Amino acid sequence: MKRNLFYIIAAVLVVAILFFPKQIYWLFFPHTKQDVIEQVFRDREIFYAICYPKQITAQRLHSKGNDPQKMSGYTMDEAVVLTPDEVDALKTPLKAQSSYLWRYSTTTPDYNVLLTFHCDGRNIRIALSFKNNMLGVFDGEDDNAQQVNTEYLFDPMRDRLVAVVKKIFPDDKDIQALQ
């Protein structure tokens with residue numbers, strides 16, 4: 001009887017881990033808004049710029065094949081100013097702790113899109129890699145600057161980000177091909 005109970009409990013745990021990994025992870029490792037501020041954006045000043053930008057611009061990025069973790073490793077297309085609806089559609093998921101998988105990627109980014117949040121004379125840049133669902137946060141305009149975060153995975157908000165960038169870049173075949 002005890003052996004059967006053990007096998008049933010083990011089977012339930014295996015099924016839960018296989019089919020509900022995010023829920024199991026959140027059960028044991030809950031995260032808060034403070035984690036988003038400190039782990040994704042480093043501090044309240046950067047988080048404030050994401051929450052209350054005066055303007056957001058977007059640029060397509062194209063890899064030069066060198067140093068993919070810095071903006072100097074990419075060429076940038078001309079900046080596009082986002083509409084108020086696009087700004088709202090971006091800010092909401094970026095602020096939510098449920099938008100991130102709380103582990104960083106061990107792969108190298110291949111950034112596709114650069115979002116620049118202009119706020120009170122400060123520019124915060126978020127580079128998005130849709131190839132491996134990673135984002136890097138950069139403080140300022142220095143293309144050689146190191147990012148302020150470890151590349152967190154944005155799988156939970158990927159669909160929302162893809163929808164917004166498709167609106168921003170309607171004529172870009174690579175962006176329009178994103179699923």
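The values are calculated or read from the model by the stated rules, or taken from the named source; none is laboratory data. Keep in mind it's a predicted model, so treat the numbers as computed, not measured. Quick reminder, even Gly has a Cβ in these numbers, built from the backbone with ideal geometry, and neighbours come from all protein chains shown. Accessible surface is based on the protein model in full, side chains and every heavy atom, while ligands, DNA and RNA are left aside. Shrake-Rupley method; radii C 1.70, N 1.55, O 1.52, S 1.80 Å.
Overview of values
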item	result
Residue-count net charge about Gly140 - beta-carbon cut-off 11 Å; Lys, Arg +1, Asp, Glu -1	-2
The range 111-162, dipole about Cα centre (Lys/Arg Cβ +1, Asp/Glu Cβ -1), debye to the nearest 20	220
With every protein chain in place, the range 34-168: carbon and sulfur % of accessible area (1.4 Å)	44
Where the range 72-158 is the region considered: accessible area per residue in Å², 1.4 Å probe	42
Accessible area of Ser129 in the full protein assembly, 1.4 Å probe (Å², nearest 10)	0
Cα-derived Rg over Rh, computed across the range 104-168 with Rh taken as Kirkwood radius	0.97
Accessible-area value, Lys54, 1.4 Å probe, nucleic acids and ligands omitted, Å²	150
